[in-house]
Amino acid sequence: MTMPMTMTTDPAILRAQLVHAANRLQPLGLATGTSGNLSVRIDAGAHGGMLITPSGIAYDTLRPEDMVPVHFTGPGKAEWQHPLDPSSEWLMHQAVYQARPEAGAVVHGHPTYATVLAIQGLEIPALHYMIAAAGGAPIRCAPYFTYGTAELSVAAVAALEGRKACLLAHHGLLAFERDLARAMWLAAEVETLAQQTVMCLALGGPRLLPAGEIDVVVDKFSRYGLKSRPAP
Ligand SMILES: [Zn+2]
């Protein structure tokens, strides 16, 4: 298999990429305070694993060595040996990697417009062709469960069926892609779609594209669109 240029398995590079991406969460409007978290899949034995941002550390003080390697030991089970604890949402990240073999990176945050829709229990409909970047329409909203719980992980994975992003009721946004750059790009794109949805709702809309058109664009993206060079 040919590895894309943006994909690496070098732990030092992955750690640096996570720190860089974590510091872009706030400028991109994807997180406030310490509310977001990021991970990348790593090769960690029979059950796999991930490298994930630590719990409760301000982004601007994060160091590459603060990223926590988490080794999966079974469904919903993992272990780590690190001075810091992994993000409180590590179970949700792990659930995505265990359910979706194509996932190489996971981004979670509480961006304002996605969260506004999620508070109202609304999904993002086919209002713009860019929703195809998330795998299709609608981008669903998973029901509410307390953060960090196995129940939330199960609900999130169900809402992600056939998609690469979902909303989490009364909570925020979850997105994955095959690498971190693409996952960050997708999360920002979904927040833009959420903003468009909120604004169209204010105008009595949104008007929607037919489902067949979204399928056409999903196919175009899979063959040409976002393959070669995602936004940095
Ligand atoms: Zn959260």
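The values are calculated or read from the model by the stated rules, or taken from the named source; none is laboratory data. Values in this document were obtained by computation on a predicted structure and should not be read as measured data. Cβ: placed from backbone, ideal geometry, glycine included. Neighbour counts: every protein chain shown. All accessible areas refer to the heavy atoms of the entire protein, side chains included, with ligands and DNA or RNA removed. Shrake-Rupley method; radii C 1.70, N 1.55, O 1.52, S 1.80 Å.
Some values worked out for this structure:
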item: Any strands (runs of 3 or more DSSP E) falling wholly within the stretch 1-101 and containing at least 1 residues that are under 16 Å from the mean Cα position of the chain (by Cα) and within 20 Å of Glu177 (Cβ to Cβ); result: 37-42, 49-52
item: Qualifying residue in the stretch 143-159 (condition: touching a Gly at 6+ places or on another chain (Cβ under 7 Å), open to solvent by less than 10 Å² (accessible area, probe 1.4 Å) and hydrophobic (A, V, I, L, M, F, W, C)); result: no
item: Residue match in the stretch 107-115 (condition: of a type outside the set (Ser, Thr, Tyr) and away from the ligand (no atom under 13 Å from the Cβ)); result: no
item: Index of the failed condition, Gly29 passing every other in (1) more than 16 Å from the ligand (Cβ to nearest atom); (2) among the small types (Gly, Ala, Ser); (3) touching a residue at least 24 places away in the same chain (Cβ under 8 Å); result: (1)
item: Any pair with Cβ under 6 angstrom, 6 or more apart, that starts in the stretch 86-102 at a residue that is within 17 Å of Phe145 (Cα to Cα) and ends at one that is assigned to a loop (DSSP other than H, G, I, E, B) and more than 15 Å from the ligand (Cβ to nearest atom); result: Val96/Ala103
item: Number of the exception - Ser87 against (1) farther than 30 Å from Lys220 by Cβ; (2) within 16 Å of the ligand (Cβ to nearest atom); (3) open to solvent by 50 Å² or more (accessible area, probe 1.4 Å); result: (3)
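Okay, residues lined up against (1) open to solvent by 10 Å² or more (accessible area, probe 1.4 Å); (2) at pLDDT below 90; (3) more than 16 Å from the ligand (Cβ to nearest atom); (4) basic (Lys, Arg):
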residue: Leu25; (1), (2), (3), (4): no, no, no, no
residue: Leu38; (1), (2), (3), (4): no, no, no, no
residue: Arg41; (1), (2), (3), (4): yes, no, yes, yes
residue: Pro69; (1), (2), (3), (4): yes, no, yes, no
residue: Glu79; (1), (2), (3), (4): yes, no, yes, no
residue: Pro83; (1), (2), (3), (4): yes, no, yes, no
